[in-house]
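In what follows, a structure is listed as structure tokens, so that the remarks can point back to it.
Throughout, read-outs are computed from the coordinates displayed, never taken from laboratory work. Bear in mind the structure is a predicted one, so any value in this text is a computation, not a measurement. Positions of Cβ are backbone-derived with ideal geometry, glycine not excepted, and every protein chain shown enters the neighbour counts.
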């Protein structure tokens, strides 16, 4: 099933009072983590822009449900924003140290997010990933995170990812192959570049 672009009226979604303290603390912890020189492959998303996109999705007609997963979640800040917008929120991260940071941040704000340590690459998709070439950071090593979550990839209604440039195509391909019909993929591409795509019906066969 192909992916269709969604046009969202994001506008100027100013985070409300209950969201701003979370954003400030997430930014502070990310900055301290970077100052310590940890997990040099971790680059944070623009969290305020991410909030605007998720807010627009939550308020619009595009969602089939409200189960959210952040692929490569780092500190779990976007998963936290999803929880604050009343999504049932999950995060997957390959770096154990980042999983610990994400859990601490969520616990400190009382957010009911479940994080799994492992790969967001679904079981059986390793060959598909490797066929796409080589990547700076994407790996198929690690535990299958979906086993820990007790959920399959097609059970998530929204997936969020911030792929490195060499991972963009394979990230979309994994979502297209394993997400359920009607699920939405949100990807951040640096600056103010977001893409929002929905998995739709099969393309008609050419005659």
Calculated FRET value between residue 127 and residue 5, using beta carbons and R₀ = 25 Å, to 0.05: 0.35
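What ranking do 101-112, 154-165 get when scored by the average of other Cβ atoms within 10 Å per residue, highest first? It would help to have the intermediate numbers written out before the result.
Numbers: 101-112: 16.5, 154-165: 20.6.
Order by mean packing, descending: 154-165, 101-112.
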Could you work out which residue, out of 82, 50, 100, moves most in a Gaussian network model of the chain, that is, has the largest mean-square fluctuation with Cα springs under 10 Å? 100
If you wrap a convex hull around the alpha carbons of the range 32-97, what volume per residue comes out, as a whole number of Å³? 89 Å³
Can you give the calculated 222 nm mean residue ellipticity of the chain, where each DSSP H run of n ≥ 4 adds -39,500 (n - 2.57) and the sum is split over every residue, rounded to the nearest 500 deg cm²/dmol? -10500 deg cm²/dmol
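Quick one: of the DSSP bridges fully inside the chain, what percent are antiparallel, nearest 5?
Details: 8 of 26 bridges.
Approximately 30 percent, going by the DSSP bridge assignments.
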Can you tell me the FRET efficiency between residue 58 and residue 96 if r is taken as the Cβ-Cβ distance and R0 is 30 Å, rounded to the nearest 0.05? 0.45
Return a whole-number percent for the relative contact order of the range 3-199, with Cα pairs under 8 Å and 6 or more residues apart as the contact set. 22 percent
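May I ask you to order 22-33, 67-78 by the average number of other C-beta atoms within 10 Å around their residues, highest value first? Mind dumping the intermediate values first?
Details: 22-33: 15.9, 67-78: 26.7.
Peptide ranking by packing, descending: 67-78, 22-33.
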Compute log10 of I(q)/I(0) for the range 18-133 with the Debye formula, placing one identical point scatterer on every Cα and leaving out solvent, at q = 0.10, 0.13, 0.14, 0.24 Å⁻¹, to two decimals. -0.31, -0.52, -0.60, -1.38
Radius of gyration and maximum dimension Dmax of the chain, Cα, Å: 16.3, 59
